[in-house]
Amino acid sequence: MSSWWREAVIYQVYIRSFADGNGDGVGDVAGLRSRLPYLAALGVDALWLNPWYASPQVDAGYDVSDYRRLDPLFGDLDDAKALIQEAHEHGLRLILDIVPNHTSDQHAWFQQALASAPGSEARARYHFRPGRGADGSEPPTDWPSIFGGPAWTRTVNADGKPGDWYLHLFAPEQPDLNWTNPQVRREFEDILRFWLDLGVDGFRIDVAHGLTKDPAFPDLASREAGGMLDAATEDHPYFDRDETLAIYEDWRRVADSYEGERVFVAEAWVADASRVARYLTPTRLHTAFNFGLLSCPWDATALRTEIDATLDVLAAVGAPPTWVLSNHDVIRHATRYGRAHTSLANARRLYGTPVDHALGERRARAAVQLINALPGGTYVYQGEELGLPEVEDLPPSVWQDPNRRYKDHDGPVRDGCRVPLPWSGDAPPFGFSPEGATAPPWLPQPAEWKERTAATQEQDADSTLSHYRTLLRIRREWLGRGLGDGAALEWLPQAAEDVLAFRRGEVLCYANLSAAAVQLPAGYRVLIASEPVAGAALPVDAAAWLVAE
Ligand code: GLC
């Protein structure tokens, strides 16, 4: 039997926006536990939880102050243990989010470092360096923070004079750890063991292509600076460096020392699929998100090129692909596919440009059907099963994303895909918080979401939620007859420039991205289609799975 993770459907729980059990307007473990039956009924195999650790929440939990405790916002260790057990009872595996590139500035190690002298052991766990220029007032390198401004912040010495600078590739409250330090390496292996001992099934690795830095600290100079998405290929000073791979060989030994299959998924925004494959050799990580497909426009040639490139390079290392359309950092794809420009365009998100929501949702349904027919695993970002759009008009007073670079220019950015889920009812909080809640949801939900609640969609056989449920049920049924990990993808001769058509074992998958209906082959019946198929004509922007009659 194939390993569970090679073809798993994994649901991303953005915990602060999933379900609020205690009525404070923020999602938590109690809320998640109460919704496990919904997740089991959806038909997913595992959950990935965004960080739930103790944190000042400057970057929604990606600034961790204690990796072995839950933030009281979300619950405590007893809640975590109960969740792990109950998820397993529902047949759902649980993957945590580990954040190794940086800690919070409130982490005990960083506080010790600030209180210690330059050159001390406490400072050696981070990157402290003298500034440039006669008085050290220039940052040590020209590296920019992903969130805007320089990646260095100057400290103040005990005598009140300006001191060394520390590195933070993200917000100043997220100092980067020094991964050449053996204490850092030991500590993270210990953190992995702490959670593996409690029974978690794996980890999503935050900024997995980060961690190590060029010890010479060269300037970026003429290199393309900036976002995670533009990481250069060879010999970048802080992204996608070879030394990082050795860390994952140690981590793999830790995971393999446990019963059951405990796994890693890398968040690695690197140049292309061949760079991703370096992380996925048999002695390193198990899987990585496929951001190539997530970035692709709604265009059959671009999608096919990406699919082929991914399958080729991952086959060479024996790793399964994992296809993903949305997450908590990028624009929701039901909105992206409804614009004239359908590729990721993350830096601007194209807020304010026209969106055809009905078109976007229709394409989103076809896209999820397409990726679930591909070899490997898939991810569902919470709310996409309800066809949720990006919320583009959050008022500035509620924006929380620390990402200044985008915020200054374009709008709420990542907050727009993080709005709490609508579960039921006619008005906010739409069942997100219990009756009598003391606070409104941490981001306001659009009034129109009354049409999109899970409760409403459960009653409607044509809803996007119903499509997901049927799709995942049928996927499961057909894993053994062609949709499973082992079966190759064979492009069909009918595949045209703007139609994707391929065979996986007994199942044929068609996705019509052209401007006209496409005739499906005779002798086959439709197993499931994302839009009604009349007279074997597959409508535009729809997908269908077929099997021989
Ligand atoms: C990853 C996370 C993102 C976070 C960043 C810094 O990209 O997905 O949400 O802001 O890392 O930890």
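How about the range 173-209: which of its residues are part of a helix (DSSP H, G or I) and open to solvent by less than 10 Å² (accessible area, probe 1.4 Å)?
Restricting attention to the range 173-209, the residues satisfying the condition of being part of a helix (DSSP H, G or I) are 182-197.
Listed by number, the residues that qualify are Val184, Phe188, Ile191, Leu192, Trp195, Leu196.
Checking the condition under 30 Å from Arg6 (Cα atoms) and away from the ligand (no atom under 16 Å from the Cβ), which residue from Ser433, Ser424, Ser466 passes?
Values: Ser433 fails: under 30 Å from Arg6 (Cα atoms); Ser424 fails: under 30 Å from Arg6 (Cα atoms).
Checking each option against the conditions leaves just Ser466.
Is it the case that some residue within the range 144-157 is outside any strand (DSSP E or B), open to solvent by 30 Å² or more (accessible area, probe 1.4 Å), out of contact with any helix residue (DSSP H, G or I) (no Cβ under 8 Å at 6 or more places or on another chain) and without any contact (Cβ under 8 Å) to a residue 60 or more places away in the chain? Give the steps one after another, and end with the answer.
Here is the first cut: in the range 144-157, the ones outside any strand (DSSP E or B) are 145-149, 151, 157.
Filter once more, keeping what is open to solvent by 30 Å² or more (accessible area, probe 1.4 Å): 149, 157.
Narrowing further to those that are out of contact with any helix residue (DSSP H, G or I) (no Cβ under 8 Å at 6 or more places or on another chain): 157.
Restricting the remaining residues to those that are without any contact (Cβ under 8 Å) to a residue 60 or more places away in the chain gives 157.
Looking for residues that are outside any strand (DSSP E or B), open to solvent by 30 Å² or more (accessible area, probe 1.4 Å), out of contact with any helix residue (DSSP H, G or I) (no Cβ under 8 Å at 6 or more places or on another chain) and without any contact (Cβ under 8 Å) to a residue 60 or more places away in the chain, one finds at least one in the range 144-157, hence yes.
(1) over 27 Å from the mean Cα position of the chain (by Cα); (2) within 20 Å of Val526 (Cα to Cα); (3) among the aliphatic types (A, V, I, L, M): which one isn't true of Ala437, the others all being true?
Tallying (1) over 27 Å from the mean Cα position of the chain (by Cα); (2) within 20 Å of Val526 (Cα to Cα); (3) among the aliphatic types (A, V, I, L, M), Ala437 fails exactly one: (2).
Would you say Gly148 is within 16 Å of the ligand (Cβ to nearest atom) and at pLDDT below 95? Steps first, please.
Values: within 16 Å of the ligand (Cβ to nearest atom): yes; at pLDDT below 95: yes.
The answer is yes for Gly148.
In the range 297-313, which residues are open to solvent by less than 10 Å² (accessible area, probe 1.4 Å) and either closer than 30 Å to Val391 by Cβ or among the hydrophobic types (A, V, I, L, M, F, W, C) (or both)?
Filtering the range 297-313 for residues open to solvent by less than 10 Å² (accessible area, probe 1.4 Å) gives 300, 303, 307, 310.
Scanning the range 297-313 gives Ala300, Leu303, Ile307.
Got a sec? Which of Ala113, Ala80 is of a type in the set (Gly, Ala, Ser) and more than 25 Å from Asp201 (Cβ to Cβ)?
Numbers: Ala80 fails: more than 25 Å from Asp201 (Cβ to Cβ).
Of Ala113, Ala80, the one residue that is of a type in the set (Gly, Ala, Ser) and more than 25 Å from Asp201 (Cβ to Cβ) is Ala113.
Looking only at the range 159-172, filter to residues that are open to solvent by 60 Å² or more (accessible area, probe 1.4 Å) and either closer than 22 Å to Val207 by Cα or of a type in the set (D, E, K, R) (or both); which one of those is farthest from the chain's Cα centre (by Cα)?
Once the filter is applied, the top-ranked residue is Asp159.
May I ask you to say which residue of Ala516, Ala495, Ala454, Ala537 is open to solvent by 30 Å² or more (accessible area, probe 1.4 Å) and of a type in the set (Gly, Ala, Ser)? Outline the logic, then answer.
Details: Ala495 fails: open to solvent by 30 Å² or more (accessible area, probe 1.4 Å); Ala454 fails: open to solvent by 30 Å² or more (accessible area, probe 1.4 Å); Ala537 fails: open to solvent by 30 Å² or more (accessible area, probe 1.4 Å).
Just one listed residue meets the conditions, Ala516.
Given Ser222, Ser274, which one is modelled with pLDDT under 95, in a helix (DSSP H, G or I) and surrounded by fewer than 22 Cβ atoms within 10 Å (Cβ to Cβ)?
Values: Ser222 fails: in a helix (DSSP H, G or I).
Being modelled with pLDDT under 95, in a helix (DSSP H, G or I) and surrounded by fewer than 22 Cβ atoms within 10 Å (Cβ to Cβ) holds for just one of Ser222, Ser274, which is Ser274.
Across the range 30-56, which residue is farthest from the ligand (Cβ to nearest atom) among those that are more than 18 Å from the chain's Cα centre (by Cα) and within 30 Å of His168 (Cα to Cα)?
Ala54
Taking the stated definitions as given, is Pro395 modelled with pLDDT of 95 or more and either open to solvent by 20 Å² or more (accessible area, probe 1.4 Å) or more than 18 Å from Tyr14 (Cβ to Cβ) (or both)? Steps first, please.
Values: modelled with pLDDT of 95 or more: no; either open to solvent by 20 Å² or more (accessible area, probe 1.4 Å) or more than 18 Å from Tyr14 (Cβ to Cβ) (or both): yes.
Here the answer is no, as Pro395 does not meet what is asked.
Among Leu359, Leu325, which is within 26 Å of Ala8 (Cα to Cα) and touching a residue at least 12 places away in the same chain (Cβ under 8 Å)?
Values: Leu359 fails: within 26 Å of Ala8 (Cα to Cα).
So the residue among Leu359, Leu325 that is within 26 Å of Ala8 (Cα to Cα) and touching a residue at least 12 places away in the same chain (Cβ under 8 Å) is Leu325.
Residue-wise test of (1) within 16 Å of the ligand (Cβ to nearest atom); (2) open to solvent by 10 Å² or more (accessible area, probe 1.4 Å); (3) touching a residue at least 60 places away in the same chain (Cβ under 8 Å); (4) farther than 30 Å from Gly482 by Cβ.
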residue: Leu294; (1), (2), (3), (4): yes, no, no, no
residue: Ala316; (1), (2), (3), (4): no, yes, no, no
residue: Asp329; (1), (2), (3), (4): yes, yes, yes, yes
residue: Ala366; (1), (2), (3), (4): no, no, yes, no
residue: Gly377; (1), (2), (3), (4): no, no, yes, no
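Select from the range 318-327 the residues that are farther than 19 Å from Pro297 by Cα and of a type in the set (Gly, Ala, Ser) and write down the one among them that is farthest from the ligand (Cβ to nearest atom).
Gly318
Quick check on the range 355-365. Is at least one of its residues part of a loop (DSSP other than H, G, I, E, B) and out of contact with any strand residue (DSSP E or B) (no Cβ under 6 Å at 6 or more places or on another chain)? If you could, list the steps in order and put the result at the bottom.
Within the range 355-365, the subset part of a loop (DSSP other than H, G, I, E, B) is 355-356.
Filter once more, keeping what is out of contact with any strand residue (DSSP E or B) (no Cβ under 6 Å at 6 or more places or on another chain): 355-356.
Yes, that holds for at least one residue.
In the range 75-109, which residues are out of contact with any His (no Cβ under 8 Å at 6 or more places or on another chain), within 16 Å of the ligand (Cβ to nearest atom) and either closer than 21 Å to Tyr379 by Cα or not hydroxyl-bearing (Ser, Thr, Tyr) (or both)? Please lay out each step first, then the result.
Kept after step one, since they are out of contact with any His (no Cβ under 8 Å at 6 or more places or on another chain), are these residues of the range 75-109: 75-93, 95-101, 103-109.
With within 16 Å of the ligand (Cβ to nearest atom) added as a condition, the list becomes 95-101, 103-107.
Selection gives Ile95, Leu96, Asp97, Ile98, Val99, Pro100, Asn101, Asp105, Gln106, His107.
Here is a list of conditions, (1) of a type outside the set (D, E, K, R); (2) within 16 Å of the ligand (Cβ to nearest atom); (3) in a loop (DSSP other than H, G, I, E, B); (4) touching a strand residue (DSSP E or B) at 6+ places or on another chain (Cβ under 7 Å), and Pro140 meets all of them except one; can you say which number that is?
Unmet condition: (2).
Inside the range 1-98, counting only strands (runs of 3 or more DSSP E) that do not spill past its ends, which hold 3 or more residues that are open to solvent by less than 20 Å² (accessible area, probe 1.4 Å) and farther than 25 Å from Phe147 by Cβ?
Working: elements: 9-13, 46-49, 66-70, 93-98.
The qualifying strands (runs of 3 or more DSSP E) are 9-13.
Can we say Val265 is within 16 Å of the ligand (Cβ to nearest atom), within 18 Å of Leu192 (Cβ to Cβ) and under 17 Å from the mean Cα position of the chain (by Cα)? Let's see the steps before the verdict.
Details: within 16 Å of the ligand (Cβ to nearest atom): yes; within 18 Å of Leu192 (Cβ to Cβ): yes; under 17 Å from the mean Cα position of the chain (by Cα): yes.
Taking the combined requirement at face value, the residue satisfies it.
Would you check if there is a residue in the range 520-532 being open to solvent by less than 30 Å² (accessible area, probe 1.4 Å), in contact with a His (Cβ under 7 Å, 6 or more places away or on another chain) and not aromatic (Phe, Trp, Tyr)?
Checking the range 520-532: at least one residue is open to solvent by less than 30 Å² (accessible area, probe 1.4 Å), in contact with a His (Cβ under 7 Å, 6 or more places away or on another chain) and not aromatic (Phe, Trp, Tyr).
The values are calculated or read from the model by the stated rules, or taken from the named source; none is laboratory data. On a predicted model such as this, the values are computed, not experimentally measured, just so you know. Cβ: placed from backbone, ideal geometry, glycine included. Neighbour counts: every protein chain shown. Areas reflect the complete protein model, heavy atoms only, side chains present, ligands, DNA and RNA absent. Shrake-Rupley method; radii C 1.70, N 1.55, O 1.52, S 1.80 Å.
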